[in-house]
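Before any comments, here is the structure.
The values are calculated or read from the model by the stated rules, or taken from the named source; none is laboratory data. None of these values were measured; they are calculated from a predicted model. Cβ sites come from the backbone with ideal geometry, for glycine too, and all protein chains shown count toward neighbours. Accessible surface areas use protein heavy atoms only, side chains included; no ligands, DNA or RNA. Shrake-Rupley method; radii C 1.70, N 1.55, O 1.52, S 1.80 Å.
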Amino acid sequence: ARTAADSLQSIMDSSPAAIMFFRSIRNQTHEIIDFEWVNVNERTRTITGLSAEQMLGHRLLEVHPHNRENGLFDNYVR
């Protein structure tokens, strides 16, 4: 029997869009300072060229530090 997690992953992987789930990392004043990947779909892996192991459990700004300079990080925070 398929688990709910397996079903969700299958649905995500069938999407033509890149889908990423993040957990926010906050400092002592509760400001978001980074994000940690929780789940990604197949399209995300294709677009980024990274494996799930290279993303899941890792912080966004560690893997893509340029996201702070190009404004993408601020968009995620909003």
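Observations
- Amide proton proximity set for ASN41, modelled H, under 5 Å, gap of 5+: ILE19
- Accessible-area composition of the chain, carbon plus sulfur, in percent [1.4 Å probe]: 53
- Sum of side-chain charges, ASP74 neighbourhood, beta-carbon under 13 Å (Lys, Arg +1; Asp, Glu -1): -1
- Per-residue HN-Hα couplings for the range 68-76 [Karplus 6.51, -1.76, 1.60; θ = phi - 60°; Hz; x = Gly/Pro]: 6, 5, 8, x, 5, 4, 4, 5, 4
- Rolling a 1.4 angstrom probe over the protein heavy atoms with all chains in place gives the chain an accessible area of 67 Å² per residue.
- Degrees, to the nearest 10: 4-13 long Cα axis against longest axis of the chain: 80
- Residues whose amide H comes within less than 5 Å of that of PHE22, counting only those at least five positions distant or on another chain, are VAL38 (H built at 1.01 Å from N in the peptide plane).
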